[in-house]
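Read the structure below first, then the notes.
The values are calculated or read from the model by the stated rules, or taken from the named source; none is laboratory data. Here the structure is a predicted model, which means the values were calculated and not measured. Cβ: placed from backbone, ideal geometry, glycine included. Neighbour counts: every protein chain shown.
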């Protein structure tokens, strides 16, 4: 490992624990490249399809029934006919997504949100894996506020999202998303807040990589 190798910070999270907000703040503070939904755009370009098609399998496994209905469409007589658009499979999306992430981190320090990045970059020499969690009520209030949802709809979204993300990780990596030994840091954002979590991660980086860790390639213009 060279001291000036790019640093890869991966953030896995429960919905409502503030992953996106923390990731943006951290990336801005460190001048690292922030990767979240930007990955969807790049995958769509690589697979020559629209972003909406990638959304189907973004951090979730496409149900069999949806795979079938996406693969065929009805003609005016009610008969299935192949559509003109070719939808990428979950496996194709994950493969291209992995290639994009590993390619970027060769030259730039990054903060990546979700998408099994902690597994994809597990062998990267300067990888820091983080898991964010929070108590249920704090998560519920955050989800209600961010998405402007009623309590019942927010509860459903939390349940569905947590289940989908966990299943996605299990299928593509054979790992348990909630197995904390797979992470360098596990942080309760309700206890110390988003800014506290940012400061904690920054302190960890200084301890692990030394005070010169900011000399790693980090500018998105480099």
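Tabulated values for the structure
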quantity	calculated
Whichever residue in the stretch 177-217 is at pLDDT below 95 and not in a helix (DSSP H, G or I) and, among such residues, is surrounded by the most Cβ atoms within 10 Å (Cβ to Cβ)	177
Residue 23 vs. criteria in a loop (DSSP other than H, G, I, E, B) and modelled with pLDDT of 90 or more	no
Where residue 142 falls short, out of the listed (1) within 23 Å of residue 200 (Cβ to Cβ); (2) surrounded by fewer than 17 Cβ atoms within 10 Å (Cβ to Cβ)	(2)
Residue 167 touching a residue at least 60 places away in the same chain (Cβ under 8 Å) and outside any helix (DSSP H, G or I)	no
Residues of the stretch 140-156 satisfying the condition of being out of contact with any helix residue (DSSP H, G or I) (no Cβ under 6 Å at 6 or more places or on another chain) and assigned to a helix (DSSP H, G or I)	141, 142, 145, 146, 147, 151, 152, 153, 155, 156
Single residue of the stretch 35-50 satisfying the filter (in contact with a helix residue (DSSP H, G or I) (Cβ under 7 Å, 6 or more places away or on another chain) and assigned to a loop (DSSP other than H, G, I, E, B)) that is modelled with the lowest pLDDT	50
Tally of residues being within 24 Å of residue 182 (Cβ to Cβ), modelled with pLDDT of 90 or more and either surrounded by fewer than 12 Cβ atoms within 10 Å (Cβ to Cβ) or out of contact with any helix residue (DSSP H, G or I) (no Cβ under 7 Å at 6 or more places or on another chain) (or both) across the stretch 65-107	6
Residue selected from the stretch 163-172 under the condition in contact with a helix residue (DSSP H, G or I) (Cβ under 9 Å, 6 or more places away or on another chain) and closer than 16 Å to residue 13 by Cα, by the criterion surrounded by the most Cβ atoms within 10 Å (Cβ to Cβ)	169
